[in-house]
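J.: Pasting a structure here, questions to come.
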Amino acid sequence: MTLTITKIAEDLAAGRCSSRELVDDALARIRAHASLNAFITVDEDAARRDAEAADRARHAGGAGALTGVPIAHKDIFCTMGVKTTCGSRMLADFVPPYDATVVRKMKAAGCVMVGKTNMDEFAMGSSNETSYFGPVRNPWDRDRVPGGSSGGSAAAVAARLVPAATGTDTGGSIRQPAALCGITGLKPSYGRVSRYGLIAFASSLDQAGPMAQTAEDCAHLLAAMAGFDEHDATALDVPVPDYVAGLGRDLKGLRIGVVAGHFAQGVEPLVAEAVREALREYERAGAVLVDVTLPNSAHAVPCYYVLAPAEASSNLARYDGVRYGFRAPEYQDLEDMYKKTRSQGFGPEVKRRIMMGTYALSAGYYDAYYVKALRLRRLIADDFARAFEHCDVIAGPVSPSTAFALGAKNTDPVSMYLNDIFTIPVNLAGLPAISLPAGFAGGLPVGLQLIGRYLDEARLLNVAHRFQQVTDWHTRVPAGF
Amino acid sequence: MNAEEIEKVAHLARLGLGAAEREGYARELSRILDLVSQMNAAATEGVEPMTHPDAAGLRLRDDVVGPEIDRDRLLAGAPLTRDGLYLVPRVIE
C-alpha cells in the first residue's frame, strides 16, 4: 500500500486493480502491523462488502474520483453502526445512530472505510498516550510517540497501512502527528469542514482535515470533505474551490513570511536546520522570504489552556451515564452516579482539563481567566492579519522537536502542552495550515508548517505540492513497512 | 491550589476524586495556572473578546422540526432504560 490515492484512483479507473484487492491488502497490512496499535476498530467484513459495492458501482459507470479508495477514520467521527470510542472508556461501547457529515460525504465520494484509528482520549494529548486503548507506536521508532491526538491516523498512513485517514485538529492534532510520522496533514480553516458528528472537544477550535502521503492527496480528500452543512451552525456557506486544479501554479514571487523566533529557543537545532533548508528550496523555486512578527503568539499556549479546557468542561458535561456511554456499575444516588461514572469513565488528562476549565469558568475567576484569554485570542488573530499584509503564507517548524520517547513527557502536563507552541496560535485564529515532510533529524521526520490566510487552503495545497515536486521526503517509508 | 479548592471544583464538574488524586491535581493544576498566568504579560484593555473566528459568524436556522433519529435506536445506546424511558436512581423519595 505504498501508492498515493492519486495513483490508486488512476489504477482503479484503468482497471489495473480492484477496490476489493486494495482493501484486502490494507486489511492484511493492518493485521500484520497490529503491534503499532494504530487502530481501535477494524470491521473486515464490512470493508470487503463496501469494496465490492464500489467495484460494482465502477463497472456500472457510477464511479467518482475516490470510488473504491480505502481510508480510515479517526475514532472521533461518528460512524453509524460502527463503534466510536473517542479513545475513552466513557464511549468504549458507543455505537452511533448516525454518520458524521465528514463520514457521510467521504462515503458519497466512494471512499471505503477499513477502520477507526486510535487517538488521545477525547483528542486531549500530543502523544497518543492518553488513549484508553493504549499508546500508538511511531513506525519510525517503536519506542517513540507518533504525536497526537490523531496519532493512529498518522502512524497508519506513515506505515502505509492505508493511503489516507481523517484527523481532527484543535491545537495541532493533525499537524503535529503528521510531522512526527513524516506524512502530510492539513487543518482547514475553521468552518470549512462540518463538525457535525465530530465528537466535540473545544467547539470554537475543532476542525477536521485530511492526512495522507502528499498535498495532492490532501487536495482530493479536502474536496470530498469540505462544504456547507446545515447541521453545523459554524459551517461556512461559501464556494469550495477546485483544490486539485490549483496545484500546478508556480511559486515565482510567492512571499513567504518567516518569524525569527520560530528558529530560536526551544527548537532542536537539527529541526531548525531542516526547516531552513526547506525555505532555501522555496527560494530556489522563486519565492521570496519576508520577516514577519507574531508578538502575541508567545502567549498562545497559556491562552489555549484556558479556552480549550473551558469549552471542554462544558462539552463533556453531557457524559453523565444516562443517555449513552459508560455508567459506573455501583452507586448510591443520582449525584453519586454522575460522579462515579465520570471519575471512572474519564482518564487523568481529560479530568485534568475538565477541572482546569471548570475552574476558569467558575465565579470569581471567569474574567481573570476566560475573558482575558478571549481578548488575547483576538490580539493573536490580529497579529496574523497584519502579517498577511506582507506575505502570502507563513512558514516554520510544526513542532520544536522530533518524536519523543514514550513516557518522556506524560508525567509533566506543562512540558507536553508546550510541544504545541507553533500549532496552537493557528487554531486560535481559525486559519488553515498544512504540515509536510521537510527532512530528517537523527533519523526522525521533521515537519514544515505552512499557515495560510483564512479560507486559502488552495494556496497552501499548491505551495506544499510544488515543494513535493522537487523533494522526496514525503516518499520515504520507515524500515520494515 | 489546595485540596479544598480542588474538591470544590471537582464537585462543580461532578467528578469524584480520591485523596491521592486530589493531591495530584492540586499540584498539576497549580503548575498549569502558573503557565496560564503568563497571559497577564499581555495588555488586553479595551480589546473585544473573540469567542470564535470572526469570519465564521453564527447562523440561525428556522425553528422547525428536522429529520429525527429513531427513538429505539437512541435508547439502544443507553445504560438503563424501561418502557422507552431513561432510568436513573430515584430523586424524589
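The values are calculated or read from the model by the stated rules, or taken from the named source; none is laboratory data. Not measured: the values here are computed from a predicted model. Cβ sites come from the backbone with ideal geometry, for glycine too, and all protein chains shown count toward neighbours.
J.: Can you confirm whether the stretch A:307-323 contains a residue that is in contact (Cβ under 8 Å) with a residue 60 or more places away in the chain, facing another protein chain (nearest Cβ under 8 Å) and within 24 Å of residue A:200 (Cβ to Cβ)?
T.: No; the residues of the stretch A:307-323 include none that is in contact (Cβ under 8 Å) with a residue 60 or more places away in the chain, facing another protein chain (nearest Cβ under 8 Å) and within 24 Å of residue A:200 (Cβ to Cβ).
J.: Checking residue A:449 against (1) more than 14 Å from every other protein chain (Cβ to nearest Cβ); (2) in contact with an Asp or Glu (Cβ under 8 Å, 6 or more places away or on another chain), which single condition isn't satisfied?
T.: The single condition residue A:449 does not satisfy is (2).
J.: Say we look at the stretch A:97-118 and pick out the residues that are in contact with a Phe, Trp or Tyr (Cβ under 7 Å, 6 or more places away or on another chain) and not hydroxyl-bearing (Ser, Thr, Tyr); which of these is nearest to residue B:76 (Cα to Cα)?
T.: Restricting to residues being in contact with a Phe, Trp or Tyr (Cβ under 7 Å, 6 or more places away or on another chain) and not hydroxyl-bearing (Ser, Thr, Tyr), the top hit is A:100.
J.: In the list A:394, A:380, which residue meets the criterion of being within 10 Å of chain B (Cβ to nearest Cβ) and under 28 Å from residue A:269 (Cβ atoms)? Write out each step before concluding.
T.: Details: A:394 fails: within 10 Å of chain B (Cβ to nearest Cβ).
Being within 10 Å of chain B (Cβ to nearest Cβ) and under 28 Å from residue A:269 (Cβ atoms) holds for just one of A:394, A:380, which is A:380.
J.: Give the stretch B:71-93 a look and list any residue that's within 7 Å of chain A (Cβ to nearest Cβ) and over 24 Å from the mean Cα position of the chain (by Cα), or say none.
T.: Within the stretch B:71-93, B:73 is the sole residue that qualifies.
J.: Another question, then. Please count how many residues of the stretch A:272-306 are loosely packed, with under 15 Cβ neighbours inside 10 Å and within 14 Å of another protein chain (Cβ to nearest Cβ).
T.: Result for the stretch A:272-306: 1.
J.: Consider residue B:36 carefully, then state whether it is buried (at least 16 other Cβ atoms within 10 Å of the Cβ) and either in contact with a helix residue (DSSP H, G or I) (Cβ under 6 Å, 6 or more places away or on another chain) or at pLDDT below 95 (or both).
T.: On the way: buried (at least 16 other Cβ atoms within 10 Å of the Cβ): yes; either in contact with a helix residue (DSSP H, G or I) (Cβ under 6 Å, 6 or more places away or on another chain) or at pLDDT below 95 (or both): yes.
So residue B:36 fits the description; yes.
J.: More than 27 Å from residue A:121 (Cα to Cα) and within 14 Å of chain B (Cβ to nearest Cβ) - does that describe any residue in the stretch A:212-229?
T.: Yes: the stretch A:212-229 contains one or more residues that are more than 27 Å from residue A:121 (Cα to Cα) and within 14 Å of chain B (Cβ to nearest Cβ).
J.: Can you tell me how many residues within the stretch B:20-68 are at the interface with chain A (Cβ under 7 Å from one of its Cβ atoms), assigned to a helix (DSSP H, G or I) and of a type outside the set (Gly, Ala, Ser)?
T.: Count: 9.
J.: Being crowded, with 19+ Cβ neighbours inside 10 Å, β-branched (Val, Ile, Thr) and out of contact with any Ser or Thr (no Cβ under 9 Å at 6 or more places or on another chain) narrows it down to one residue among A:470, A:414, A:463, A:446; which is it? It would help to see each step written out before you state the result.
T.: Numbers: A:470 fails: crowded, with 19+ Cβ neighbours inside 10 Å; A:414 fails: crowded, with 19+ Cβ neighbours inside 10 Å; A:446 fails: out of contact with any Ser or Thr (no Cβ under 9 Å at 6 or more places or on another chain).
Unique residue meeting the criteria: A:463.
J.: Of all residues in the stretch A:85-103, how many are in contact (Cβ under 8 Å) with a residue 24 or more places away in the chain and either surrounded by fewer than 24 Cβ atoms within 10 Å (Cβ to Cβ) or small (Gly, Ala, Ser) (or both)?
T.: Count: 10.
J.: Please go through the stretch A:345-377 and pick out each residue that is facing chain B (nearest Cβ under 7 Å) and in contact (Cβ under 8 Å) with a residue 60 or more places away in the chain.
T.: Here is the first cut: in the stretch A:345-377, the ones facing chain B (nearest Cβ under 7 Å) are A:351-352, A:354-356, A:358-359, A:362, A:369, A:371-377.
Those that are facing chain B (nearest Cβ under 7 Å) and in contact (Cβ under 8 Å) with a residue 60 or more places away in the chain: A:352, A:369, A:372, A:373, A:374, A:376, A:377.
J.: Right, here's the next one. So is residue A:302 modelled with pLDDT of 95 or more and either among the basic types (Lys, Arg) or within 24 Å of the chain's Cα centre (by Cα) (or both) or not?
T.: Details: modelled with pLDDT of 95 or more: yes; either among the basic types (Lys, Arg) or within 24 Å of the chain's Cα centre (by Cα) (or both): yes.
In short, yes.
Listed here are the residues, each with its yes/no results for (1) over 25 Å from residue A:128 (Cα atoms); (2) at pLDDT below 95; (3) among the charged types (D, E, K, R).
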site: A:323; (1), (2), (3): yes, no, yes
site: A:329; (1), (2), (3): yes, no, no
site: A:332; (1), (2), (3): yes, no, no
site: A:336; (1), (2), (3): yes, no, yes
site: A:353; (1), (2), (3): no, no, yes
site: A:358; (1), (2), (3): no, no, no
site: A:366; (1), (2), (3): yes, yes, no
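J.: Ok, one more. Residues A:54, A:63: which one is surrounded by 18 or more Cβ atoms within 10 Å (Cβ to Cβ) and modelled with pLDDT under 95?
T.: On the way: A:54 fails: modelled with pLDDT under 95.
One residue alone meets the criteria, A:63.
J.: Select, from A:268, A:277, A:273, A:230, the only residue that is more than 30 Å from residue A:401 (Cβ to Cβ) and more than 13 Å from the chain's Cα centre (by Cα).
T.: Numbers: A:268 fails: more than 30 Å from residue A:401 (Cβ to Cβ); A:277 fails: more than 30 Å from residue A:401 (Cβ to Cβ); A:273 fails: more than 30 Å from residue A:401 (Cβ to Cβ).
Of A:268, A:277, A:273, A:230, the one residue that is more than 30 Å from residue A:401 (Cβ to Cβ) and more than 13 Å from the chain's Cα centre (by Cα) is A:230.
J.: Tell me which of these residue A:258 doesn't satisfy, since it passes every other one: (1) more than 14 Å from chain B (Cβ to nearest Cβ); (2) outside any helix (DSSP H, G or I); (3) under 23 Å from the mean Cα position of the chain (by Cα).
T.: The number of the failed condition is (3).
J.: Inspect all residues belonging to the stretch A:5-14 and state whether any of them is over 25 Å from the mean Cα position of the chain (by Cα) and not in a helix (DSSP H, G or I).
T.: Step one: list which residues in the stretch A:5-14 are over 25 Å from the mean Cα position of the chain (by Cα), which gives A:10-14.
Subsequent filtering for residues that are not in a helix (DSSP H, G or I) retains A:14.
Within the stretch A:5-14 (the criterion being over 25 Å from the mean Cα position of the chain (by Cα) and not in a helix (DSSP H, G or I)), the answer is yes, since at least one residue qualifies.
J.: Also, quick follow-up: Would you confirm, using the coordinates I've provided, whether residue A:42 is farther than 26 Å from residue A:424 by Cβ and out of contact with any helix residue (DSSP H, G or I) (no Cβ under 7 Å at 6 or more places or on another chain)?
T.: Taking the combined requirement at face value, the residue does not satisfy it.
J.: How many residues does the stretch A:67-99 contain that are of a type in the set (Lys, Arg) and either farther than 16 Å from residue A:198 by Cβ or in a loop (DSSP other than H, G, I, E, B) (or both)?
T.: Taking the stretch A:67-99 and keeping what is of a type in the set (Lys, Arg), we get A:74, A:83, A:89.
Among the residues that remain, those that are also either farther than 16 Å from residue A:198 by Cβ or in a loop (DSSP other than H, G, I, E, B) (or both) are: A:83, A:89.
Residues flagged as of a type in the set (Lys, Arg) and either farther than 16 Å from residue A:198 by Cβ or in a loop (DSSP other than H, G, I, E, B) (or both) within the stretch A:67-99 amount to 2.
J.: I've got another one for you. Could you list all residues from the stretch A:309-349 that are in contact with a Ser or Thr (Cβ under 6 Å, 6 or more places away or on another chain), part of a helix (DSSP H, G or I) and not charged (D, E, K, R)?
T.: A:313
J.: If residue A:64 satisfies all but one of (1) touching a strand residue (DSSP E or B) at 6+ places or on another chain (Cβ under 8 Å); (2) in a loop (DSSP other than H, G, I, E, B), what's the number of the condition it fails?
T.: For residue A:64, the exception is condition (1).
Residue by residue, here is whether (1) farther than 26 Å from residue A:383 by Cβ; (2) among the small types (Gly, Ala, Ser) holds:
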| position | (1), (2) |
| --- | --- |
| A:194 | yes, yes |
| A:213 | yes, no |
| A:219 | yes, yes |
| A:223 | yes, yes |
| A:231 | yes, no |
| A:246 | yes, yes |
| A:254 | no, no |
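J.: Kindly state which helices (runs of 4 or more DSSP H) lie completely within the stretch A:355-453 and contain at least 3 residues that are over 20 Å from the mean Cα position of the chain (by Cα).
T.: On the way: elements: A:372-387, A:413-417, A:424-429.
The qualifying helices (runs of 4 or more DSSP H) are A:372-387, A:413-417.
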